[in-house]
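Only one structure is covered here, and it is reproduced in the block below.
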Amino acid sequence: PVTNRKNQGNNRWLYSNARQILNSDGAKGEWWTAQHEYDVKPNYAEGNAGFLNAFTGFEKNVILPKTNRCILDDADGGGSETMIDKVWLPSTYAMALEIFQPLEDEHTYEAFTSNEERAYQSNYWTRTINGKTSGSGVRNVNVSGALGYGSANNGGVALCPFCLLPTSAYIAWSDSDNAYYFADDSQRNAVI
């Protein structure tokens, strides 16, 4: 019952709309369900399908579950909690932006250790809360790759989802729509 969460969004990853849409294969308007009595349906729920909705059954089965640790706001009891996700947002520690105790990840991602490597065409969210006394504040990575923050309901910040693939998986590129996809064994030695 943190008052500003109704208007500014929930920064607790366990209950966040970002976590819910990224890990759902529901159709438009069917990916969201209330997570607690104070939850408010986001205005974009009806117009969007769950992130995994566009994935094939093969692709969904290739993605491995990952246990994520998240820092809790003082209003949620402080400390941290863990949950299992197929798709998640990185922590600021994983992105080599800051060390926030307790650690949310066991290591930093090697490909994102500088501002240049983290930079993207838009600001994008992490799952790390902004301080321990702001029920709606979340850290993000800004366009330059530096650390930023905002309220969880800020629509001007993108999602940059991460997933874990087994070492046997590989990704192929499709000329037809300029997209990458998870290739299966029958495509491993395909002749182009």
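The values are calculated or read from the model by the stated rules, or taken from the named source; none is laboratory data. Model, not experiment: these values are computed from the prediction. Here the Cβ is made from the backbone with ideal geometry for all residues, glycine too, and neighbour counts use every protein chain on show. Accessible surface areas use protein heavy atoms only, side chains included; no ligands, DNA or RNA. Shrake-Rupley method; radii C 1.70, N 1.55, O 1.52, S 1.80 Å.
What GluC sites (Glu not before Pro) in the stretch 1-106 are in a loop by DSSP, with at most 15 other Cβ atoms within 10 Å of the Cβ?
GLU30, GLU37, GLU46, GLU98, GLU106
Please report the equivalent ellipsoid semi-axes of the stretch 107-150, computed as sqrt(5 x eigenvalue) of the Cα gyration tensor, largest first, in whole Å.
20, 12, 7
So, with a 1.4 angstrom probe, what is the percent of accessible area on the chain that is carbon and sulfur?
The computed percentage sits at 50.
Using only the alpha carbons of the stretch 128-170, determine the length spanned along each of the three principal axes and report them from longest to shortest in whole angstroms.
42, 23, 19
What net charge do the residues around PHE51 carry, taking every other residue with its C-beta under 10 Å from that of PHE51, with Lys and Arg at +1 and Asp and Glu at -1?
Its environment carries a net charge of 0.
With no solvent and one equal point scatterer per Cα, compute the Debye intensity ratio I(q)/I(0) for the chain at 0.10, 0.16, 0.20 Å⁻¹ and report its log10, rounded to two decimals.
At q = 0.10, 0.16, 0.20 Å⁻¹ the computed log10 ratios are -0.44, -1.10, -1.55.
Which percent of Cα pairs goes in each bin when the distances of the stretch 65-146 are cut into 5 angstrom slices starting at zero?
3, 15, 25, 26, 18, 10, 2, 0
So which chymotrypsin sites (Phe, Trp or Tyr not before Pro) in the stretch 1-97 end up in coil per DSSP with only 15 or fewer other C-beta atoms within 10 Å?
Sites meeting the loop and neighbour criteria: TYR38, TYR44.
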